[in-house]
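*Asks:* Supplied in structure tokens, the structure appears directly below.
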Amino acid sequence: MKSALEIKPDISYKSAGKFEETRFEKIHNEIFKSSAEASIIVAQEIAQLIRSKQEKNKSCVLGLATGSSPIKVYEELVRMHREEGLSFSNVITFNLDEYYPMTKENNQSYHYFMHQHLFNHIDINPENVNIPDGTVSIDELNQYCIDYEMNIKNAGGLDFQLLGIGRTGHVGFNEPGSHINSGTRIITLDHITRVDASSDFNGIDNVPKRAITMGVSTIMRSKRIVLMAWGQNKADIIKRTIQGDISSEVPATFLQNHSNATFVLDQSAASELTRFKTPWLVGECIWTHELKSKAIVWLCQKTKQSILKLTDRDYNNNGMSDLLAQEGSAYDLNINMFNVLQHTITGWPGGKPDTDDSHRPERANPAKKRVILFSPHPDDDVISMGGTFSKLIKQGHDVHVVYQTSGNIAVTDDEALKFAEVAKDFVGETASAINFKSVIEFLNNKSENQIDSLEVRKLKGLIRRRESYAATRYIGLKDENTHFLDLPFYETGQVKKNPLGPEDIAIVKDIIAKIKPHQVFAAGDLADPHGTHEVCLNAIFAAMKQLKPEKYMDDCWLWLYRGAWHEWDIHEIDMAVPLSPSEVLLKRHAILYHQSQKDRVMFQGNDSREFWVRAEDRNKNTAILYDELGLAEYEAIEAFKRFDY
């Protein structure tokens, strides 16, 4: 029996009833609304394979991956083991890779990862678990890699290989330049790969420079391959892999030649594929309002013309002749789109009192609104919407900023030690809420991978909290309107967080019920390296859904802003708030109050710029895009998308 994902090599996408419009694509792929939904489907395929092998009294040989992509797959497999009796007694596993050198006990090792997420929770025979050993001496490593290959062969070969993909296009740790015939070996990690891993290791200097990895040929011999990719950060490399030419510069492209490979993607990871990015270049479209906006903005950027200068020829020459035929003329299309974009621009993010609001993004009434600005970390508020934050206060609205997490793990030990030493010198040996002497001793003797003590975490959280007060006071907010939730899911003392729980949702629900807002601003940027933004947003969604029957929620609008990683595309923007040069400077200074996040940012992702530089560049670039489309020219623009919860 074939799984929901599996296809026969001799069935084309079109004859299979899917992907009629994929002439650009060279690898079968399935797109899901969320990574959670997709992960369950992948786990079901693995479980089905295990059971089918059990019925035949055969071993099931799985190639397994690490990283963030497969975590939910492993969670679902563990659930099926506990609740549905799925046994792993016949399963033999081979992991793709391991850092080198790396001890098994190190909590950054893939040995630790696999046992934490899977092996400790199922009935697999420990002797059937194979993970590259990062402690093998360099003299013995060549023979060790040969033996690893032979062990896979002796087990009958890989029945199923689970893969993720790096931004370099690596699968396993087969970095650019890897040969299609490569086997298990030691490899030097690409700089980008090490940058992406740096937050897990508290800095790139701590990331190993080498790793042991299965080779491309080892992976290609698998009977079935499923590669998973989630999020906007993977969109570019997914497009290059699925639509580009086969090249050792993007090792994942070798999978184009595999007869039974499927890429499982969420919508963000698939967003750069031609059929999603520019579907009018693939075939006829159903021209929704959103797709019209997207297409016309794209056409302006491609032709380097403002909206009102587009001609019939521009539309016809760029795959939009059916849109032109539907709408009648370029003139009508251009005017309508110009007006749509013009109506998103407002200097009154809380609504302009005593004016016609039929073409404004926000309501005129009530003139003075209660506003909640949710900030996942104690700086996302000013980084993402510092100018709009200031305008809302100056225009008389009752603004509350709500910090959802303490942000303590983003404070370096050196920064915490500095504050502890200053505090100890100031208070001496007198009693205080924190024993600064013990904090100093802990930090000076902290071992590798040791989780911060509760006192150290408290100190780091207080550093973030006081920086937040300094920034909000500078913006003009009263202290009593600044709230800290310290959601429990975050308070693990390590990068890995707990799942969102009922207690987290209840805390968010309580603050909303207390303030009864007319506006809620929340972080819709799901590209942060460790998913805190997504968990915080899900807490808001869940809380607002539970509160929806309340009468005051009828008047509550939800606006999503983007954080430090990506901006909304122009066609997605429902409210564009222009900033003057002085407002840009005010926002910069507010961000700089978060001194612990300056210069040595621990969780900056793949962008080496400081957060204030990223924010400023992004806001100025949005203003440039509006200007190039023929709209008013501004210094900078902060952008928001309205969400119907």
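The values are calculated or read from the model by the stated rules, or taken from the named source; none is laboratory data. Fair warning: this is a prediction, and the values are worked out from it, not measured in the lab. For neighbour counting, all protein chains shown are included, and Cβ atoms are generated from backbone atoms with ideal geometry for every residue, glycine included. Side chains are part of the model used for accessible areas, which takes the heavy atoms of the whole protein and leaves out ligands, DNA and RNA. Shrake-Rupley method; radii C 1.70, N 1.55, O 1.52, S 1.80 Å.
*Asks:* Could you tell me the calculated FRET efficiency between ARG363 and ASP312, based on Cβ-Cβ distance and R0 = 41 angstrom, to the nearest 0.05? All intermediate terms of the calculation are to be shown ahead of the outcome.
*Replies:* Details: r = 38 Å, r/R0 = 0.93.
That gives a FRET efficiency of 0.60.
*Asks:* List the equivalent ellipsoid semi-axes of region 57-147 in whole Å, largest first, each obtained as the square root of 5λ for an eigenvalue λ of the Cα gyration tensor. Don't skip to the end; give the middle numbers.
*Replies:* Numbers: eigenvalues 126, 49, 20 Å².
Sorted largest first and rounded, they come to 25, 16, 10 Å.
*Asks:* Can you pull the percent of the chain's accessible area that's carbon plus sulfur, 1.4 Å probe, other chains left in place?
*Replies:* Values: 13730 of 28230 Å².
Carbon and sulfur atoms account for 49 percent of the accessible area of the chain.
*Asks:* State, as an integer percentage, the relative contact order of the chain based on alpha-carbon contacts under 8 Å between residues 6 or more apart.
*Replies:* Numbers: 1124 pairs, mean separation 75.5, N = 645.
The normalised contact order for the chain reaches 12 percent.
*Asks:* Relative to the present Cα-Cα distance, how much length would full extension add between LYS418 and LYS598 at 0.36 nm per residue of separation?
*Replies:* On the way: separation 180, 0.36 × 180 = 64.80 nm, distance 1.49 nm.
Gain on stretching LYS418 to LYS598: 63.3 nm.
*Asks:* Let me ask you something else. Rounded to the nearest 0.05, what FRET efficiency do ASN151 and ASP245 have when you use their Cβ-Cβ distance and R0 = 56 Å? It would help to have the intermediate numbers written out before the result.
*Replies:* On the way: r = 34 Å, r/R0 = 0.61.
Computed FRET efficiency for ASN151 and ASP245 comes out at 0.95.
*Asks:* I've got another one for you. Rg to Rh ratio, the chain, alpha-carbon atoms and Kirkwood radius?
*Replies:* Details: Rg = 26.6 Å, Rh = 27.0 Å.
So for the chain, dividing Rg by the Kirkwood Rh gives 0.98.
*Asks:* For region 297-422, take every pair of Cα atoms, bin their distances at 5 Å starting from 0, and report each bin as a whole percent.
*Replies:* The distribution over region 297-422 is 2, 9, 13, 12, 9, 9, 10, 11, 10, 7, 4, 2, 2, 1, 0, given as percents.
*Asks:* Only bridges whose two residues both fall in the chain count here: according to DSSP, what percent of them are antiparallel, nearest 5? Write down the numbers at each step before the final one.
*Replies:* Values: 19 of 58 bridges.
Antiparallel: roughly 35 percent of the beta bridges in the chain.
*Asks:* What is the packing order of peptides 572-584, 222-234, taking the mean over residues of other C-beta atoms within 10 Å and listing the highest first?
*Replies:* Working: 572-584: 19.3, 222-234: 22.8.
Packing proxy ranking, top to bottom: 222-234, 572-584.
*Asks:* Over the chain, with the other protein chains present, what is the accessible area per residue in square angstrom, probe 1.4 angstrom? Write out the running numbers ahead of the final one.
*Replies:* Values: 28230 Å² over 645 residues.
Accessible area per residue: 44 Å².
*Asks:* With a point put 7 Å past each Cα toward its Cβ, work out how far GLU105 is from TRP287 in nm, to one decimal.
*Replies:* Inter-label distance under the simple model: 6.8 nm.
*Asks:* Once both labels are modelled 7 Å past Cα along the beta-carbon direction, what's the LYS33-GLU55 spacing in nm?
*Replies:* Between LYS33 and GLU55, the simple spin-label model gives 3.1 nm.
*Asks:* Quick one: work out the % antiparallel among DSSP beta bridges in region 130-283, nearest 5. Can you show the working numbers first?
*Replies:* Numbers: 6 of 14 bridges.
Roughly 45 percent of the DSSP beta bridges within region 130-283 come out antiparallel.
*Asks:* A further question follows. Where does the chain land at 222 nm, in deg cm²/dmol rounded to the nearest 500, when only DSSP H runs of n ≥ 4 count, each adding -39500 (n - 2.57), divided by all residues? Could you put the intermediate results ahead of the total?
*Replies:* Working: 20 runs with 243 residues, N = 645.
Computed mean residue ellipticity for the chain: -11500 deg cm²/dmol.
*Asks:* Mind ordering 268-279, 332-343, 90-101 by average Cβ neighbours within 10 Å, highest first?
*Replies:* Numbers: 268-279: 19.8, 332-343: 16.8, 90-101: 22.5.
Going by the mean number of other Cβ atoms within 10 Å, highest first, we get 90-101, 268-279, 332-343.
*Asks:* Testing the spin-label approximation: label points 7 Å from Cα along Cα→Cβ at ILE180 and GLN116. State their distance in nm.
*Replies:* Here the modelled spin labels are 3.8 nm apart.
*Asks:* Counting just the Cα atoms, what span does region 190-278 cover along each of its three principal axes? Round to the nearest Å and put the largest first.
*Replies:* 39, 33, 20
*Asks:* Continuing with the same structure: Work out how much length ASP139 to THR188 would gain on full extension: take 0.36 nm times their residue separation and subtract the Cα-Cα distance, in nm to one decimal.
*Replies:* On the way: separation 49, 0.36 × 49 = 17.64 nm, distance 1.67 nm.
Between ASP139 and THR188, full extension yields 16.0 nm more.
*Asks:* With every protein chain kept in the model, how would you rank TYR148, TYR469 by accessible area, 1.4 Å probe, largest at the top? Numbers along the way, then the final one.
*Replies:* On the way: TYR148 10, TYR469 35 Å².
The ranking, largest first, comes out as TYR469, TYR148.
*Asks:* Then there's this: Given a Förster radius of 30 Å and the C-beta distance between ASP554 and PHE276 as r, what FRET efficiency does 1/(1 + (r/R0)^6) yield to the nearest 0.05? Show your work: numbers first, answer last.
*Replies:* Working: r = 34 Å, r/R0 = 1.15.
The calculated FRET efficiency here is 0.30.
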